[in-house]
Amino acid sequence: KAGVTQTPRYLIKTRGQQVTLSCSPISGHRSVSWYQQTPGQGLQFLFEYFSETQRNKGNFPGRFSGRQFSNSRSEMNVSTLELGDSALYLCASSLGPGGIGSTLHFGNGTRLTVT
Amino acid sequence: ILNVEQSPQSLHVQEGDSTNFTCSFPSSNFYALHWYRWETAKSPEALFVMTLNGDEKKKGRISATLNTKEGYSYLYIKGSQPEDSATYLCAFDGAAGNKLTFGGGTRVLVKP
């Protein structure tokens, strides 16, 4: 079974640009969540989608948005990039909420550098 | 803002020694506590999902205990090996779907 796939692996953008990251979950997983990892802050929750609906959102500005498609694939968009958006963005899929079903399976991440 | 704390932040262990470290989390609105292992250049890998007070889970030489009433979980590594070197993350699930709150991690380095 293929794991969680994130593309691209690396991205360099300049301030003010926008970026779209993609995540393909494990087949059969309907929940996709996104996390930002920075050295000082650890893993911070961005948002979670289940069956194309955003169920939860973290404390990030509106520049961060996402969506989920009918095949469970998800995209995350960051507009008007700032230097502080430089981070590793991890996507994780799971069967759904609750107990073992909520175990997260992570992708390898997208390393975004904003210059 | 939920407070999930892990201590210590880092740990150096001699090969063959056993070690343990802590995750503390809110004792209210508890739904589940996750443990993940994150090796360098890899993605985080699930170790355990614990839901019941008093739960004990084991995977090879790694085990974990859970106390939901006082809000802590211990992770134990028995007979540490160099391949156990990784950052160990705990994550609190407060019954809000998959909105996990992660601790800062305990970085374990096993020296041969």
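Rule-based calculations on the coordinates, nothing more; no lab input. Predicted, not measured: the structure shown is a model, and the values here were computed from it. Glycine gets a Cβ as well: all are built from the backbone with ideal geometry, and neighbour counts include every protein chain shown.
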Cut-off under 5 Å, modelled amide H: who pairs with A:Phe47 long-range: A:Trp34, A:Gly58
Given charges at beta-carbon only (K, R positive; D, E negative), |dipole| of segment A:17-86 in Debye: 180 debye
Most mobile of B:Gly54, B:Gly71, B:Gly94 in a GNM of chain B (Cα contacts under 10 Å): B:Gly54
Kirkwood Rh (inverse of mean 1/r, distinct Cα pairs), chain B, angstrom: 14.0 Å
Lysine pairs in chain B with Cα atoms under 28 Å, if 8 or more residues apart or on separate chains: 21
13 Å cut-off, amide nitrogen to a point 7 angstrom out along B:Thr51 Cα→Cβ, residues in segment B:1-44: B:31-34
Footprinting exposure proxy for A:His29, B:His34, B:His12 (fewest neighbouring C-beta atoms within 10 Å first): B:His12, A:His29, B:His34
Cα-based radius of gyration of the protein assembly as shown once divided by 2.2 N^0.38 Å, which approximates compact folds: 1.01
Alpha carbon Rg of segment A:1-64, scaled by the compact-globule rule 2.2 N^0.38 Å: 1.24
Long-range amide H partners of B:Ser85 with built H, under 5 Å: B:Val110
Ranked B:Cys90, B:Cys23, criterion: other C-beta atoms within 10 Å, fewest first: B:Cys23, B:Cys90
Likely footprinting exposure, B:Thr65, B:Thr19, A:Thr80, fewest C-beta neighbours within 10 Å first: A:Thr80, B:Thr65, B:Thr19
Descending Cα extents along the principal axes, chain A, whole Å: 39, 27, 27
